[in-house]
Amino acid sequence: MYKHMTLGEFIISKQKEFKYSSGELSRLINSIRLAAKVVNHEIRKAGLVDITGDAGKVNVQGENQQKLDVLANELFKKNLVNRDIVCGIASEEEDDFVIISGKENSNKNRYVLLMDPLDGSSNIDVNVSVGTIFSIYHRVSPVGTPVTKEDFLQKGREQVAAGYVAYGTSTMLVFTTGNGVNGFTLNPAIGTFYLSHPNMKYPEIGRVYSVSEGYFTHFQEGMKRFLVYCKELAPEDNRPYTARYIGSMVADFHRNMIKGGVYIYPATAIDPNGKLRLLYECNPMAFICEQAGGKASDGFTRILDIKPSELHQRVPFYCGSKLLVEKAEEFMQKYSEEEKPTY
Ligand code: P6P
């Protein structure tokens, strides 16, 4: 029926490549797969049962109404706890990290997971794509003890896996375990993900830039100069480039990885560290980006080399086709070096 491998078959076939894994990482990715299908089901019916809107109201079935991002957070947490694989979870929807002591309160589990359960959730009300982003590390604290904040504050280059679910015209799960990036498309009729995008790589040349240009007056000089560069008439250099900005980073990132392009959420005078969160947005997307041959920085420093200090810290984010990121970095280093982020 389908010539493509299923996600389950893929995980089994790649089992030996999962560093030091005794099958736990496979089970962890399988639990994400299940949660993604449940969240996908809730999203696809959002407009029908009025489950969007503010938490606390009662929806048409008389259920306690939850905003979809709160619901997605609970669904992913429940699946992860039930599979008894992680010792801790950090989430955009949780003020602090969540200690998962596991069966018999053993704290024996070796992985921590960080996630943005539903990035871009404000787009749900206007029927625009949204995404889930996840990041996985081995714990650094001793097995058998409760997880600590240090387990979550590791540099992005220590990730053992990272991925996203794109709830778009189709639902895709895209992830890496450090051996390339593979994309799986959900067949909703049978609830199975099929390998539709093996070994995803950025095209050598990219012509798309994804920036919220409404903030132009608040951008640093280097960023302003890069945007002017993108719009100049230079046919020999494929310029002017094409502006595409969905307001949902997973969707912009996914398109740029396939078509070639750069996504930038820079520092502004209003938000000197930008808007995006290092731990559960920038680090996982940067890991995927680099595995697909792209580049990810804060305009100056490689994202995966930044030592986090806080769970919800923000960083400026330049991510996509290597040549486009390097051109943006060139302008930042030439015109905004004095505003380089410090950590
Ligand atoms: P703005 C969604 O809230 C998000 O985190 C990203 O997915 C998206 O690219 C960005 O913020 C949109 O932010 O300021 O342009 O509305």
remark   = Residue span ARG27 to ASN127: 0.36 nm per residue of separation minus Cα-Cα distance leaves a gain in nm of 32.8 nm
request  = Could you work out which residue, out of ILE190, ILE99, ILE29, moves most in a Gaussian network model of the chain, that is, has the largest mean-square fluctuation with Cα springs under 10 Å?
outcome  = ILE190
inquiry  = Which one, CYS87, CYS282, CYS230, has the greatest fluctuation when you compute a Gaussian network model over the chain with C-alpha springs under 10 angstrom?
reply    = CYS230
task = Post the alpha-carbon centroid distance, region 270-308 to region 188-208, in whole angstrom.
result = 21 Å
ask   = In sequence order, what are the phi-derived ³J(HN,Hα) couplings for region 174-184 according to the Karplus relation 6.51 cos²θ - 1.76 cosθ + 1.60 with θ = phi - 60°, rounded to whole Hz, with x for glycine and proline?
value = 10, 8, 9, 10, x, 10, x, 10, 10, x, 10
query = Among ILE270, ILE89, ILE124, whose mean-square fluctuation peaks in a Gaussian network model of the chain (Cα, cutoff 10 Å)?
reply = ILE270
task = Step through the residues of region 305-320 one at a time and calculate ³J(HN,Hα) from phi using the Karplus curve (6.51 cos²θ - 1.76 cosθ + 1.60, θ = phi - 60°), rounding each to whole Hz and writing x for Gly and Pro.
result = 9, 6, 7, x, 10, 9, 4, 10, 5, 9, 9, x, 9, 10, 8, x
query = Which cross-chain or sequence-distant (5 or more) residues have an amide H under 5 Å from the amide H of THR268, H modelled 1.01 Å from N in plane?
reply = ASN273, GLY274
query = By how many nm would the segment from ILE270 to THR145 lengthen if fully extended, with 0.36 nm per residue of separation less the alpha-carbon distance?
reply = 40.9 nm
query = For ARG157 and LYS231 in one chain, what is 0.36 nm times their gap in residues minus the Cα-Cα distance, to one decimal in nm?
reply = 23.3 nm
remark   = Simple SL model, points at 7 angstrom along Cα→Cβ for LEU34 and LYS201; separation in nm is 3.6 nm
Hz values of 3J(HN,Hα) by residue in region 153-158 - Karplus curve (6.51, -1.76, 1.60), Gly and Pro given as x = 9, 7, 4, x, 5, 8
message = Restricting to Cα pairs below 8 Å that are 6+ residues apart, what does the relative contact order work out to for region 109-228? Please round to a whole percent.
response = 15 percent
query = Can you give the FRET efficiency for GLU337 and ASP96, using 1/(1 + (r/R0)^6), R0 = 35 Å, r = Cβ-Cβ distance, to the nearest 0.05?
reply = 0.45
key: Long-range amide H partners of ILE306 with built H, under 5 Å   = GLY156
query = When only C-alpha pairs under 8 Å and at least 6 residues apart count, what is the relative contact order of the chain, in percent?
reply = 15 percent
task = Pull up all non-local amide H partners of GLY88: gap of 5 or more, or a different chain, and H-to-H distance under 5 Å with H placed in the peptide plane.
result = ILE100, LEU113
request  = Work out the length of the dipole vector of the chain about its Cα centre, built from +1 on the beta-carbon of each Lys and Arg and -1 on the beta-carbon of each Asp and Glu, and round it to the nearest 20 debye.
outcome  = 1060 debye
query = What is the spin-label model distance, in nm, from GLU213 to ALA243 if the labels are put 7 Å beyond Cα along the C-beta direction?
reply = 0.2 nm
query = Counting only complete DSSP H runs, which helices of the chain cover 18 Å or more along their long axis at the Cα atoms and score a mean Kyte-Doolittle of -1.0 or above?
reply = 24-44, 68-83, 322-335
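Only the coordinates and a few stated rules stand behind these numbers; no lab work does. It should be emphasised that the depicted structure is a prediction, and the values quoted were computed from it without experimental measurement. Don't worry about glycine lacking a Cβ; one is built from the backbone with ideal geometry, like all the others, and counts go over all protein chains shown.
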